[in-house]
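Below you'll find the structure, written out as structure tokens, and then a few comments.
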Amino acid sequence: MAAQATFKSIKSLVPLLDRVLVQRFKPETKTATGIFLPSSVTNSPLNEGTVIATGPGAPTKEGKVVPCNVKAGDRVLLPSWGGNAIKVGEEEYYLFKDNEILAKIQE
Amino acid sequence: MAAQATFKSIKSLVPLLDRVLVQRFKPETKTATGIFLPSSVTNSPLNEGTVIATGPGAPTKEGKVVPCNVKAGDRVLLPSWGGNAIKVGEEEYYLFKDNEILAKIQE
Amino acid sequence: MAAQATFKSIKSLVPLLDRVLVQRFKPETKTATGIFLPSSVTNSPLNEGTVIATGPGAPTKEGKVVPCNVKAGDRVLLPSWGGNAIKVGEEEYYLFKDNEILAKIQE
Amino acid sequence: MAAQATFKSIKSLVPLLDRVLVQRFKPETKTATGIFLPSSVTNSPLNEGTVIATGPGAPTKEGKVVPCNVKAGDRVLLPSWGGNAIKVGEEEYYLFKDNEILAKIQE
Amino acid sequence: MAAQATFKSIKSLVPLLDRVLVQRFKPETKTATGIFLPSSVTNSPLNEGTVIATGPGAPTKEGKVVPCNVKAGDRVLLPSWGGNAIKVGEEEYYLFKDNEILAKIQE
Amino acid sequence: MAAQATFKSIKSLVPLLDRVLVQRFKPETKTATGIFLPSSVTNSPLNEGTVIATGPGAPTKEGKVVPCNVKAGDRVLLPSWGGNAIKVGEEEYYLFKDNEILAKIQE
Amino acid sequence: MAAQATFKSIKSLVPLLDRVLVQRFKPETKTATGIFLPSSVTNSPLNEGTVIATGPGAPTKEGKVVPCNVKAGDRVLLPSWGGNAIKVGEEEYYLFKDNEILAKIQE
């Protein structure tokens, strides 16, 4: 269950520490030929997304901040589980820890 | 279940270590046109809140105190779970650890 | 279930390491107008208490003792769970670890 | 359940940190004499695979990156459990952490 | 269930590392006026005891031995759970780790 | 359930890090006098085996590789649980971590 | 369930790292006056034993080997749980980690 945010734009969200804000790809709700798919087909979110923003990174025990491995705009592969969901209007976003992001997608 | 406090003002509470005292946003109990919503619609707390106070920060193993990443007045995004709830009068507050706070909200 | 102590005064108890001895606030058993409340209303302990005594603090891995963050006389906010209960006569006390104490209450 | 990817080629996937992208061996779906085996016989994936790509390695607490123990092209033995599955077209791939890979297969 | 020892005297037991050998207080089996209490009233062990012997202390990761916080003869408060029970004749003893002992009792 | 390998010889398997490849002893399937035992008597694997190959050892956090405590040819005592099973033809092998091996057997 | 060993003498077993090989005391199967006790009385192993052999000790993270706290011939007190059982002929032995041994018994 993603909590509905009270703020209007996802740009308002500034991740802390090593958290990464990601917008998951949404499955197409109609086919290439324009036929709408029933929700039972389309309602499972994909494990891919675009990084919207990242925190500055978490500090090591010695206090040195380690920057995140991804940056805003990166297209990434996400784990199937975990993350904190947040809903802004009709869009659903997730906050993952940087080291939970599995891979970058580069095409 | 939030425990009801015996003290009158939340200002009396001074968080220890890296704990952050947060007042969650309350859902609107009436609509823009003044119609009151039934509690079944409004009783789930939002995942947003305002920082009321923070502790000085927790020490590293070497004894250096790491200040919190948020400060009083910050509007923040909270995880859906966790935190210690406390009720002062009709208001409900939460104590989270600093690194449990997901993001700042800046508008 | 709090174990009943054999000693007469709580002053006899000297906490070890980073343990903090706390007396929880008891709910009022009669109202302001003198009406006694049934136990079903009053028997849940409050999450507040007064520090009776603290240990010297726990040592770091390097052997340096870190003093507790609270001291005897402090009024504190406790977590809803945990702690070791001990009963001396009719009074119930708890031993918490220093870093389990959530906040000080200063009025 | 492997999530279906939206990208066309597995070459688009760049593992982060110490993650290793592996293509599992598929069981033969027909016998040496050309008889097709029913899926109940063939649908359990083998514990072997080929490394497609690896991340640069994870940093130690001191910040030194430790390279992966396997490299693209290596044939490897996988644990029976774990890993993150991803489906690209008809092929199923897995992302494991480098230290979860059990052995190299060298023939 | 406490295992029955084959040795005759508890003095034979030399705790290793940071273990503390404790004799729990036994509930009075007769009242001040000499009436014997039924076992259902008296068979729960008290959370207090006397230290019989301690180990030399456990070494830190750097190899420095940290002495125990209690010594033979100390009267101590024990947690309600844990410890290894051993029975010598009719007496029941417990071995706790030094940092599991909650407090000293000084009257 | 041991996964059936696609490679022909166990010599093809090169353990990574601190993993140890072991062939468990098989119970005798016939008695000294030549009577074959039913599988219900013989199908529990013994907790002994012969080391076939070991990895180079796992690195410490400082990056120094610690060699395994056993070597190819060693006869070893195994724990009753754990390990990753792999089947090559009719033979079943196990991969254990070096520090899971209990003892060497020297006759 | 203790696994039956294939080797003839327990002397063949050389513990690795910080493991300690212990022979548990067996309960007397007949009384002082020569009456044999039924197995229901005698079949629970005692928590005492004699050290048969120890490993060289486990290395610290810095690589320094820490010798075991007990040595062959020591009579020791064991925890009620844990350890790896092995049966050589009619005798049952256990392998414990050195820091699981509770105390030495010195008479």
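The values are calculated or read from the model by the stated rules, or taken from the named source; none is laboratory data. Given the structure is predicted, the values throughout are model-derived calculations rather than measurements. Here the Cβ positions follow ideal geometry from the backbone for every residue, glycine too, while neighbour counts run over all protein chains shown. Keep in mind that these areas ignore ligands, DNA and RNA; they rest on the heavy atoms of the full protein, side chains included. Shrake-Rupley method; radii C 1.70, N 1.55, O 1.52, S 1.80 Å.
For the stretch C:57-107, run through the chymotrypsin sites (Phe, Trp or Tyr not before Pro) and keep only the ones in DSSP coil with at most 16 other Cβ atoms within 10 Å of their Cβ. Spell out each step's value before the answer.
Working: sites: C:Trp81, C:Tyr93, C:Tyr94, C:Phe96; in loops: C:Trp81.
Answer by residue number: C:Trp81.
If Lys and Arg each add +1 and Asp and Glu each add -1, what is the summed charge of the other residues whose beta carbon sits under 10 Å from the beta carbon of B:Ile105?
-1
As a test question: what accessible area, to the nearest 10 Å², does B:Leu13 have when a 1.4 Å probe is rolled over all protein chains in place?
The accessible area of B:Leu13 comes to roughly 10 Å².
Summing Lys, Arg as +1 and Asp, Glu as -1, what charge do residues with Cβ under 13 Å from the Cβ of A:Gly49 carry, A:Gly49 excluded? Write down the numbers at each step before the final one.
Details: positive: A:Arg24, A:Lys26, A:Arg75, A:Lys104; negative: A:Glu48, A:Asp74, A:Glu91, A:Glu92, A:Glu100.
Charge balance in the 13 Å sphere: -1.
Using a 10 Å cut-off around each Cβ of peptide D:10-23, what is the average number of partner chain Cβ atoms that fall inside?
Values: counts 0, 2, 7, 7, 7, 4, 12, 6, 1, 5, 0, 3, 0, 0.
Rounded to a whole number, the mean comes out at 4.
Heavy atoms only, 1.4 Å probe, whole protein assembly: order E:Val66, A:Val88 by accessible area, highest first.
On the way: E:Val66 65, A:Val88 15 Å².
Ranked list, largest accessible area first: E:Val66, A:Val88.
Using a 1.4 Å probe and counting only protein heavy atoms, arrange D:Arg24, C:Arg75 so the residue with the most accessible area comes first. Don't skip to the end; give the middle numbers.
Numbers: D:Arg24 25, C:Arg75 60 Å².
So the residues, ranked largest to smallest area, are C:Arg75, D:Arg24.
Determine the sum of side-chain charges near A:Leu77: Lys and Arg each +1, Asp and Glu each -1, restricted to other residues whose C-beta is under 9 angstrom from that of A:Leu77.
+1
Can you sort A:Ile52, A:Ile86 by 1.4 Å-probe accessible area, starting with the largest?
A:Ile52, A:Ile86
What is the minimum Cβ-to-axis distance for chain C, in whole Å, where the axis maps C onto E, and to which residue does it belong?
Result for the C and E rotation: C:Lys61, 7.
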